[in-house]
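Notes to accompany the following structure.
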Amino acid sequence: MQRIAFGSCFQSDGPSEIWDTIADYDPELFILLGDNIYADTEDMQVMRGKYARLDSVEGFARLRTSATILATWDDHDYGVNDGGADYPMRKEAQQVFLDFLRVPKESARRKREGIFHARILGSPGQRVQVILLDTRYFRGPLMLRAKRSNPALGTGGPYRPNTDPEVTVLGEAQWKWLEDELRKPAELRILASSIQLAAEDHAWEAWINFPLERKRLLETIRGTGAEGVIAISGDRHKAEISILDPARAKPGSAVDTGYPLIDVTSSSLNRPSTWYNEVNRHRVGSVYHAENFGTIEVDWKSAGLVLAIRSLAGAEVIRYEVSLHDLARRE
């Protein structure tokens with residue numbers, strides 16, 4: 001496994017050229033990070049129709065035949081904007097999602113709550129573990145700010161941290177599963193989260209809205225001894241690469257996982273954003289707002305990784321190089 005691509009936020013009745021670009025890039029694996037369609041409905045027939053439209057896109061159909069497709073969901077394909085556990089059709093939406101992924105009817109994934117899933121691809125010494133988190137099915141309530149933060153200062157958004165220790169993002173069953181997965185042997189681990197993990201400054205959806213759960217996630221990575229973890233995320237209708245640096249974090253917000261934790265955000269596949277000044281103290285390099293997808297290229301001989309954001313034309317617009325040796329525990 002040497003060529004991996006990923007992306008998020010695709011309006012199924014919008015422009016679809018980027019799928020041809022991704023198919024031409026010829027990844028061995030493509031990861032859908034959520035908002036794979038914009039359903040926003042409690043009508044499962046409407047949801048199925050949106051997935052059918054995505055399936056009918058020629059470039060996506062071509063990608064299905066040439067690459068392994070793995071996926072998680074975000075709010076709009078889950079069924080409701082910024083939705084969590086209170087969405088009344090979550091059980092039904094899960095089955096529609098699994099139908100889209102062509103998961104067999106007899107699969108254990110059909111019987112448990114939530115769509116979290118993991119795969120290990122490749123042979124010993126070159127194993128890539130993909131851990132797909134479900135940040136919707138179990139998630140507790142978001143907390144609204146008394147006054148909306150100021151978009152002009154790059155800190156826009158309606159939410160403030162929910163510090164209730166009883167509130168969860170992943171739910172206990174998924175937390176136990178995640179800990180077990182992180183203990184499995186792998187050289188590179190891709191932690192796929194629909195929402196950003198590293199960002200702390202904006203007030204839209206992100207793990208920082210649930211600081212105790214974010215702390216638990218980072219402590220779980222460190223506590224299991226898992227090395228080679230890279231997070232990928234979507235949702236934000238922009239692309240950037242962040243490195244969670246405890247030295248620059250908000251007071252009390254960061255945990256050192258034992259090595260630099262990189263979060264590569266790729267969004268959107270065909271819904272580019274129009275805001276340009278969002279603050280992110282952990283960002284390295286620039287921000288890209290036009291249509292994009294992310295890539296990870298692995299050189300197993302040198303243990304080198306190239307993390308990139310690519311444009312609609314397939315050109316690298318953001319690039320970051322790191323070694324797997326840099327993602328090993330340091331004491």
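Just a few scattered comments:
- Criterion (small (Gly, Ala, Ser), closer than 26 Å to Asn162 by Cα and not in a strand (DSSP E or B)) met by exactly one of Ser273, Ser268, Ser253, Ser242: Ser253
- For Thr168, the conditions (1) more than 15 Å from the chain's Cα centre (by Cα); (2) farther than 21 Å from Leu142 by Cα; (3) β-branched (Val, Ile, Thr) are fulfilled apart from (2).
- Of all residues in the stretch 182-206, those satisfying the criterion of being touching a residue at least 40 places away in the same chain (Cβ under 8 Å) and either of a type in the set (Gly, Ala, Ser) or outside any loop (DSSP other than H, G, I, E, B) (or both) are Leu182, Ala186, Leu188, Arg189, Ile190, Leu191, Ala192, Ser193, Ser194, Ala198, Ala199, Ala203.
- Checking each residue in the stretch 251-279 for being farther than 23 Å from Ala226 by Cα, surrounded by 15 or more Cβ atoms within 10 Å (Cβ to Cβ), modelled with pLDDT under 95 and touching a helix residue (DSSP H, G or I) at 6+ places or on another chain (Cβ under 9 Å) picks out only Glu278.
- Tally, over the stretch 2-61, of residues that are of a type in the set (A, V, I, L, M), buried (at least 23 other Cβ atoms within 10 Å of the Cβ) and within 30 Å of Lys301 (Cβ to Cβ): 6
- Asp40 vs. criteria closer than 19 Å to Ala239 by Cβ and within 22 Å of the chain's Cα centre (by Cα): no
- Selection status of Ala231, over 24 Å from Gly140 (Cα atoms), surrounded by 23 or more Cβ atoms within 10 Å (Cβ to Cβ) and out of contact with any Cys (no Cβ under 8 Å at 6 or more places or on another chain): no
- Those residues of the stretch 104-121 which are within 20 Å of the chain's Cα centre (by Cα) and closer than 26 Å to Glu28 by Cβ, in sequence order: Arg109, Ile115, Phe116, His117, Ala118, Arg119, Ile120, Leu121
- Hits in the stretch 50-82 (condition: within 22 Å of the chain's Cα centre (by Cα), farther than 23 Å from Ala118 by Cβ and not aliphatic (A, V, I, L, M)): Lys50, Asp55, Gly59, Phe60, His76, Gly79, Asn81, Asp82
- Residue within the stretch 171-178 that is in contact with a helix residue (DSSP H, G or I) (Cβ under 9 Å, 6 or more places away or on another chain) and assigned to a loop (DSSP other than H, G, I, E, B) present: no
- Those residues of the stretch 230-239 which are part of a loop (DSSP other than H, G, I, E, B), touching a residue at least 60 places away in the same chain (Cβ under 8 Å) and in contact with a His (Cβ under 9 Å, 6 or more places away or on another chain), in sequence order: His237
- Count of the stretch 84-117 residues, restricted to those that are aliphatic (A, V, I, L, M), surrounded by fewer than 21 Cβ atoms within 10 Å (Cβ to Cβ) and within 26 Å of Val167 (Cβ to Cβ), is 2.
Residue-wise test of (1) in contact with a Ser or Thr (Cβ under 8 Å, 6 or more places away or on another chain); (2) polar (S, T, N, Q); (3) surrounded by fewer than 18 Cβ atoms within 10 Å (Cβ to Cβ); (4) touching a residue at least 60 places away in the same chain (Cβ under 8 Å).
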| site | (1), (2), (3), (4) |
| --- | --- |
| Ser242 | yes, yes, no, no |
| Arg281 | no, no, yes, yes |
| Ile296 | no, no, no, yes |
| Ala308 | yes, no, no, no |
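The values are calculated or read from the model by the stated rules, or taken from the named source; none is laboratory data. Bear in mind that the values here come from a model prediction, so they are computed numbers and not experimental data. Using ideal geometry, Cβ is built from the backbone for each residue, glycine included, and neighbour counts are taken over all protein chains shown.
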